[in-house]
Amino acid sequence: MSEPASKPLSSGVVINIGIIAVGVIGIIVLLGVRLLDDGGEPAQPLDLAVRFEVAAEGFDAPVLLTGDGTATRYVVEQRGTVVAMAADGTRSAEPLLDLRDRVLSNHERGLLGLAFHPDYGENGRLFVLYSRADDGATSISEFRRGEDGRVGTTERPLLIIPAISTIHKGGMLAFDAEGMLVAGIGDGSTGNDPDGHGQDPASLLGTLLRLDVDRGLPYAIPPDNGFADDRDARGEVHAIGLRNPWRFSVDAETGHLYIGDVGQATWEEIDVLAPGEREASFGWSEMEGLECFAGRTCDPAAHIAPAVAYPHVEGETGHCAVVGGYAYRGETGSLPAGTYLYADYCSGTVWAVPAEQLHAGQAEPTVVGQVPVDMGQVRSFGEDDAGELYVLTESGYVLGISSTGDA
Ligand SMILES: [Ca+2]
């Protein structure tokens, strides 16, 4: 079992700030809320509270839950294993994939991302993002299911990103609405992005990358990538200005990307990438949240402002690292349609905001729940093939989420 990391999503500061009282009542400080200037109504917060129920337990440092398109739910464990979760919530004995022989797993490194190809049921292709055992480099690689129904350990590396430190790896993988593989890559630095990767589209660090894995070898550059027309940029780069995009998701209905970008000392944020947006920058490391970062020169108009930003200190609550979630698009109605959930790793606070408010940049999030402290810190959310949402915790729980119905 891997050691319990005190704070795998480093934001570079001591986090024991939970008890700091700042003398203001517990008003949620919201930036990024701009009142309509056309006389329209301001965005209204959701009237919602959620409950958490144990769907499964016993996983080893889970970082992701996803479906394979055939209604089987899989949990990714940071140490390097992908394990099916049976309908009764038990952890299957045999992993689908076991990469412990090649994954470097500690703190922010490990097997961090998994995406099944949209046609996985037919072609058996799946993609992972992990930290390589020999040098810590980030590898995005393909594996395939064999005729015996098992996924082999023969690997096809697509892209290797050398490590410049041990943290800020990002690590999320997902297929977008156009069937392109998107990867969230952190700035790779120990703090402050001293080499300026965040604003450099010629660097793979501090970005969303987007690959066409159905054409080319090892992949093709999608011509509609955000920086595909910039001759000085890497063609893989789809968006820049991210610090540590630990978890992002694709809205199954609208195709928007919702990115939880872990901040440094002051602000945590949710960024939104609309379909078709070109040359998007989310600010880092000129900006953190809505502020120029550490006194640096910045031009806010050159960057997409966060849809939500929250500070590390809110009343008596201390936050430290945002965990981006999903917009609910399931059919059972366990949550209101289009409700986007996200959480903070340190406080366990879970917020909700309507997706349309994120799209409009006028978000009024609501605190809708608190993951019980004895279940461990929030590492990730998950979405299954039916669109149902889950929270995954440091202590190995998979928690189902649903509305209490009596908010
Ligand atoms: Ca930003």
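Read-outs: derived from the displayed coordinates by stated rules, not from any lab. Owing to the predicted nature of the structure, the values given are computational and were not obtained by experimental measurement. Heads up, the Cβs are rebuilt from the backbone with ideal geometry, glycines too, and the neighbour counts pull from every protein chain shown.
For this structure, a couple of remarks:
- Applied to segment 89-97, the Karplus parametrisation 6.51 cos²θ - 1.76 cosθ + 1.60 on θ = phi - 60° returns per-residue 3J(HN,Hα) values of x, 7, 8, 5, 5, 8, x, 5, 9 Hz, with x for Gly and Pro.
- Among Asp195, Asp98, Asp88, the ranking by other beta carbons within 10 Å of each residue's beta carbon, starting with the fewest, stands as Asp88, Asp195, Asp98.
- Size of electric dipole in segment 50-403: Cβ of Lys, Arg +1 and of Asp, Glu -1, about Cα centre, debye, nearest 20: 680 debye
- Exposure proxy order (Cβ contacts within 10 Å, fewest to most) of Tyr328, Tyr120: Tyr120, Tyr328
- Cα-based shape type of segment 271-355, given that a ≥ b ≥ c are square roots of the gyration tensor eigenvalues and the cut on a/c is 1.5: oblate
- Ordering Leu173, Leu335, Val368 by the projection of their Cα atoms onto the charge dipole of the chain, which places +1 on the Cβ of Lys and Arg and -1 on the Cβ of Asp and Glu, puts Leu173 at the extreme positive end.
- Residue-wise HN-Hα couplings along segment 366-379, as the Karplus relation 6.51 cos²θ - 1.76 cosθ + 1.60 with θ = phi - 60° gives them from phi, are 10, 6, 10, x, 9, 5, x, 4, 6, 9, x, 6, 7, 9 Hz; Gly and Pro carry x.
- Label-to-label distance, nm, for residues given as Glu356 and Asp374 (7 Å Cα→Cβ offset): 4.2 nm
- Cα-based shape type of segment 50-403, given that a ≥ b ≥ c are square roots of the gyration tensor eigenvalues and the cut on a/c is 1.5: rounded
- Only DSSP H runs of four or more residues enter the estimate; each adds -39500 (n - 2.57), and after division by the residues of the chain the mean residue ellipticity at 222 nm equals -500 deg cm²/dmol.
- For segment 70-77, 3J(HN,Hα) computed residue by residue from phi via the Karplus equation (6.51, -1.76, 1.60; θ = phi - 60°) reads 10, 6, 7, 9, 10, 10, 8, 9 Hz, glycine and proline entered as x.
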